[in-house]
Amino acid sequence: MEMIPANRLQKLPPYLFADLRRKIAEKRRLGVKVITLGIGDPDYPTPDPVLRELVRAIADPNDGDRHRYGCDAPVADLSRAIRDFYRRRYGVSLSDDQIAVTSGSKDAIVQFCLGILNPGDLGIAPQPGYPTYNIGHVFCSGQTHYVPLRRGNGWLVDFKEIPEDVAREAKLLWINYPNNPTTAVATPDFFKEAVEFGRKHNILICHDSAYAENTYDGYKAPSILQVPGAEDTAVEFYSLSKGFNMTGWRVGCVVGNTPAVKALKLVKDNIDNGMLRAIQFAAVKALDSMESIVPAINSVYQRRRDMVVSALEQAGWPVEKPKATIYVWAPTPEQYNGSSAAFAEDLLEKAGLVVTPGRGYGVTGDGYYRISLTYPDEVIKEALDRIMTVAGKK
Ligand SMILES: *Cc1c(COP(=O)(O)O)cnc(C)c1O
């Protein structure tokens, strides 16, 4: 028998870093001690109060439902915690029909598309940007229009760059601030403009706020739902992954526009069975304790950010200090003529160091590279030493 996979798999973009990965393997075979600052996945463990709550809940003999499908035995306190959190954090009131609990945002982005897009439908995604928006469209046999993010516009979507016919046709538009990979943050005015654009063109504005809590120097990231009337046209994807060191736990929520939330819930009812109750209890703990948990996590990233920014400065490759996210997004040094791939290859070749070339996030990401701050200080120090050598400053 010849097994032929679905055509849609051929429409997936090639894995961004397949080529780089092959080169890394080759270097390692040659005995080079390759180090990487490539991936954004917190190295520090999940905070103790959250872990303890998981252990308590999983061991609680009085909870006869602790082993059951989360969809049949949801922890009611979790929607309470999400509502409280949005009120405390943003001053936004949510009703229960404006909240869908998700197993993290990546899964939710694709499931959400399944609930919104018909074959052939158009979605707008930013470039450079997180690849999963387009992948969600592909799984629905939809199409993607890419809107470029540019440095000159603070890496914000310039709504004037979306052609009239695209705006007429598109069903949804993805935005993500604080932004991966550019580290840009949104102003409340930008969110207002996004909501106006959504209303005017009948487009669902989907705001991915994966880095909402990873902020520095006193900066607090706003929510799109703070714009009055935003829930008419917007949803927000919130995740505990990056802000609470909980990537492997798979917890988040989608909140806002009621019909869109309802569509997502219907998809979820039919393709997943919810989340282990102990994880839901732990998520309640995390959200309720946000104010005591998050500052310690951010102080680590802020310290690492400062190390990286000052070393790049000394290398003669200066970069702006990001206010948010777990990355530094830096222009490739001049001699590489804007080729992030050439720079990344050179760093690997000369220093055994892996950074993420911006080109991997789309053509408009070229000319930049991304360093992730989710590596131990010693690893980052060693990496920065190697950068100094390549830059000829050592
Ligand atoms: C990491 C990341 C996510 C995914 O987070 P999960 O909730 O763990 O699935 C979503 N969006 C962006 C932009 C990310 O960088």
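The values are calculated or read from the model by the stated rules, or taken from the named source; none is laboratory data. These numbers come from a predicted model, not from an experiment. Here the Cβ is made from the backbone with ideal geometry for all residues, glycine too, and neighbour counts use every protein chain on show.
Evaluate the stretch 113-122: report whether one residue or more is crowded, with 20+ Cβ neighbours inside 10 Å and within 16 Å of the ligand (Cβ to nearest atom). The answer is yes; a qualifying residue exists. Of the residues making up the stretch 244-269, those that are surrounded by fewer than 19 Cβ atoms within 10 Å (Cβ to Cβ) and more than 30 Å from Gly229 (Cα to Cα) are Thr247, Gly248. For the stretch 51-65, the criterion of a residue being closer than 20 Å to Gly256 by Cβ, free of Cβ contacts under 8 Å to residues at least 40 places away in the same chain and away from the ligand (no atom under 16 Å from the Cβ) is satisfied by no position. Consider the stretch 32-42 and keep the residues that are out of contact with any strand residue (DSSP E or B) (no Cβ under 9 Å at 6 or more places or on another chain) and surrounded by 11 or more Cβ atoms within 10 Å (Cβ to Cβ). The one that is nearest to Lys242 (Cα to Cα) is Pro42.
Report yes if some residue within the stretch 137-151 is farther than 19 Å from Tyr238 by Cα, surrounded by 19 or more Cβ atoms within 10 Å (Cβ to Cβ), hydrophobic (A, V, I, L, M, F, W, C) and within 15 Å of the ligand (Cβ to nearest atom); otherwise report no. Yes - at least one qualifying residue is present in the stretch 137-151. Set side by side, the residues Asp269, Asp232 differ, and just one is touching a Lys or Arg at 6+ places or on another chain (Cβ under 7 Å) and acidic (Asp, Glu), which is Asp232.
For Ala100, the conditions (1) more than 16 Å from the ligand (Cβ to nearest atom); (2) in contact with a Lys or Arg (Cβ under 8 Å, 6 or more places away or on another chain); (3) among the small types (Gly, Ala, Ser) are fulfilled apart from (1). The set of residues in the stretch 292-343 being modelled with pLDDT of 95 or more, among the hydroxyl-bearing types (Ser, Thr, Tyr) and not in a helix (DSSP H, G or I) consists of Thr325, Tyr327, Thr332. Applying a threshold of 7 Å to beta carbon distances and a minimum spacing of six or more residues, or different chains, the list of pairs starting in the stretch 20-31 at a residue that is surrounded by 10 or more Cβ atoms within 10 Å (Cβ to Cβ) and ending at one that is small (Gly, Ala, Ser) and in a helix (DSSP H, G or I) reads Leu20/Ala344.
Strands (runs of 3 or more DSSP E) fully within the stretch 195-266 that include at least 1 residues being within 16 Å of the ligand (Cβ to nearest atom) and free of Cβ contacts under 8 Å to residues at least 40 places away in the same chain: 204-208, 234-239.
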